[in-house]
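Each remark here refers to the structure printed beneath this line.
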């Protein structure tokens, strides 16, 4: 498989959408068209107010293909009960113009996961993708009301790690369920620091340092649990894809009563 074949990706995504629409109705919405490529949102047709609202995103960075492909694998193979017992929405490929050429940034050189919060480090002009999401921020916050998961990769690494935002100190299971999936498939980050981030057992938690990511913004705006998982780009692609599919399933299961 060519990891950046956007035509095949879109075709497989449509087939997966047909499958999940047979489980419960799903609507596909085009949030923007970026140089001919759609930024898509998949939302349950009818939101059950008695179920948790969860949002899963992938493909903020174009050179991280296993997130989008893992989300498609999840939609293609998941236990139907996971979609019936929660209102799960999906942003399957946030940065399509970067993905189609395997580039981290979009075609205009903008970082689609940066500049989401007001800090001195934030760029004056956020990316087109972030502007599209901010234009519907009220709805995004509703769809992610109970939790947000974003699937990332680090192409430099052969170890996995994750970023956790959780306002419930008693909910250690949220971190544990995602870390367990990563650790079952890859070695976990051994270093105590990577770039500017300090880690404990391969997990980073907010420490007051500037954070301009989309997940940090959602957390600051009241989403109680957010996670950014990082599969290691030096590991085999098929294993990274299946791990990302398993991460989505674990994230949803954690929120089921």
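The values are calculated or read from the model by the stated rules, or taken from the named source; none is laboratory data. Please read all numbers here as calculations on a predicted model, not as lab measurements. Note that each Cβ is placed from the backbone with ideal geometry, even for glycine, and that neighbours are counted across all protein chains shown.
Surrounded by fewer than 22 Cβ atoms within 10 Å (Cβ to Cβ), modelled with pLDDT of 95 or more, touching a helix residue (DSSP H, G or I) at 6+ places or on another chain (Cβ under 6 Å) and under 18 Å from residue 27 (Cα atoms): which single residue out of 55, 83, 75, 93 fits that description?
Values: 55 fails: surrounded by fewer than 22 Cβ atoms within 10 Å (Cβ to Cβ); 75 fails: surrounded by fewer than 22 Cβ atoms within 10 Å (Cβ to Cβ); 93 fails: surrounded by fewer than 22 Cβ atoms within 10 Å (Cβ to Cβ).
83 is the lone residue from the list that is surrounded by fewer than 22 Cβ atoms within 10 Å (Cβ to Cβ), modelled with pLDDT of 95 or more, touching a helix residue (DSSP H, G or I) at 6+ places or on another chain (Cβ under 6 Å) and under 18 Å from residue 27 (Cα atoms).
Can you tell me how many residues in segment 186-198 are surrounded by 18 or more Cβ atoms within 10 Å (Cβ to Cβ) and modelled with pLDDT under 95?
Here the count works out to 0.
Does residue 129 qualify as being within 30 Å of residue 239 (Cα to Cα) and under 15 Å from the mean Cα position of the chain (by Cα)?
So residue 129 fits the description; yes.
Taking residue 162, is it closer than 30 Å to residue 84 by Cβ and modelled with pLDDT of 95 or more?
In short, yes.
More than 19 Å from residue 32 (Cα to Cα) and in a loop (DSSP other than H, G, I, E, B) - does that describe any residue in segment 82-93? Spell out how you get there, then give the answer.
Kept after step one, since they are more than 19 Å from residue 32 (Cα to Cα), are these residues of segment 82-93: 82-88.
Filter once more, keeping what is in a loop (DSSP other than H, G, I, E, B): 85-86.
Within segment 82-93, one or more residues are more than 19 Å from residue 32 (Cα to Cα) and in a loop (DSSP other than H, G, I, E, B).
Could you count how many residues in segment 35-45 are more than 30 Å from residue 108 (Cβ to Cβ) and surrounded by 11 or more Cβ atoms within 10 Å (Cβ to Cβ)?
Adding up the residues that qualify gives 1.
Out of all the residues in segment 1-54, which are in a loop (DSSP other than H, G, I, E, B) and farther than 22 Å from residue 145 by Cα? First the steps, then the outcome.
So the first thing to find is which residues in segment 1-54 are in a loop (DSSP other than H, G, I, E, B), and the list is 1-5, 24-25, 35-36, 45-52.
Selection gives 1, 2, 3, 4, 5, 35, 36.
Listed here are the residues, each with its yes/no results for (1) surrounded by 19 or more Cβ atoms within 10 Å (Cβ to Cβ); (2) modelled with pLDDT under 95; (3) in a helix (DSSP H, G or I).
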{"site": "152", "(1), (2), (3)": "yes, no, no"}
{"site": "176", "(1), (2), (3)": "no, no, yes"}
{"site": "184", "(1), (2), (3)": "no, no, yes"}
{"site": "207", "(1), (2), (3)": "no, yes, no"}
{"site": "212", "(1), (2), (3)": "yes, yes, no"}
{"site": "231", "(1), (2), (3)": "yes, no, no"}
{"site": "245", "(1), (2), (3)": "yes, no, yes"}
{"site": "249", "(1), (2), (3)": "no, no, yes"}
